[in-house]
1. Using the Cα gyration tensor of segment 3-110, with a ≥ b ≥ c the square roots of its eigenvalues, what is the shape: rounded (a/c below 1.5), prolate (a/b larger than b/c) or oblate (neither)?
2. Starting at the first residue of segment 35-47, write each ³J(HN,Hα) from the Karplus equation 6.51 cos²θ - 1.76 cosθ + 1.60 with θ = phi - 60°, in whole Hz, x for Gly and Pro.
3. Excluding Phe44 itself, calculate the net charge of residues whose Cβ lies under 14 Å from the Cβ of Phe44, where each Lys or Arg counts +1 and each Asp or Glu counts -1.
4. Hey, can you grab everything whose amide H is under 5 Å from the amide H of Cys83? Only 5+ residues off in sequence or another chain; H modelled, so Pro and N-termini drop out.
5. Kindly provide the trypsin sites (Lys or Arg not before Pro) of segment 1-92 that DSSP labels as loop, not H, G, I, E or B, and whose Cβ sees at most 13 other Cβ atoms within 10 Å.
6. So what's the angle, to the nearest 10 degrees on a 0 to 90 scale, between helix 3-12 and the longest Cα principal axis of the chain?
7. Would you count, across the chain, every pair of lysines whose alpha carbons are under 18 angstrom apart, provided the pair is eight or more residues apart or spans two chains?
8. With the contact rule set at Cα under 8 Å and sequence spacing of 6 or more, what percent relative contact order holds for the chain?
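Please treat every number below as a calculation from the coordinates, not as lab data. Since the structure is predicted, the reported quantities are computational estimates derived from the model, not experimental observations. For neighbour counting, all protein chains shown are included, and Cβ atoms are generated from backbone atoms with ideal geometry for every residue, glycine included.
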Amino acid sequence: MEKKKCEQILASKKISPTAMRILTLDFLLEQSAAVSLSDIENYFFHSDRITLYRTLKTFEKKGLIHSIQENNTTKYSLCQDACTENFHQDNHLHFYCTQCMETVCLEQVDLSEIQVPSNFSLQQLRFFC
Ligand SMILES: [Zn+2]
Ligand SMILES: [Zn+2]
């Protein structure tokens with residue numbers, strides 16, 4: 001992935017393009033499944049962990065990535081274009097493979113239409129098949 005494309009994506013989410021942010025986005029763009037914090041740390045083992053952690057927090061806050069909780073692990077995946085600062089619209093299912101332990105966004109499955117009784121508010125949905 002070229003640097004220019006990463007810069008354009010960062011600009012579209014109003015994130016200033018530091019070297020670490022470009023590298024992190026480049027890595028995320030290459031993934032076919034969600035990555036855990038330790039996957040990212042292992043890849044950037046030579047980088048400062050605090051900077052890396054802050055980069056992910058910024059990405060999440062700005063609507064570039066969303067986090068997924070899976071078996072006590074936090075995984076990160078890139079958002080769709082619709083997500084903006086402090087407003088994520090990732091109302092989709094996450095498919096978890098018990099063989100390869102990978103998590104993949106199923107963005108075509110829209111969960112935003114799911115209704116709960118009027119005196120409840122929906123915070124998290126989990127499906128077990
Ligand atoms: Zn999002
Ligand atoms: Zn997702």
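1. oblate
2. Once rounded to whole Hz, the list reads 10, 7, 4, 5, 4, 5, 4, 5, 5, 9, 4, 7, 9.
3. Details: positive: Arg21, Arg49, Arg54; negative: Asp26, Glu30, Asp39, Glu41, Asp48.
Every neighbour counted, the sum reads -2.
4. Amide H to amide H, under 5 Å and 5 or more residues apart or across chains, Cys83 pairs with Gln89.
5. Values: sites: Lys3, Lys4, Lys5, Lys13, Lys14, Arg21, Arg49, Arg54, Lys57, Lys61, Lys62, Lys75; in loops: Lys13, Lys14, Lys62.
Those satisfying the criteria are Lys14.
6. Helix 3-12 and the main axis of the chain meet at about 50 degrees.
7. Summing the qualifying lysine pairs gives 16.
8. Normalised by residue count, the contact order of the chain is 19 percent.
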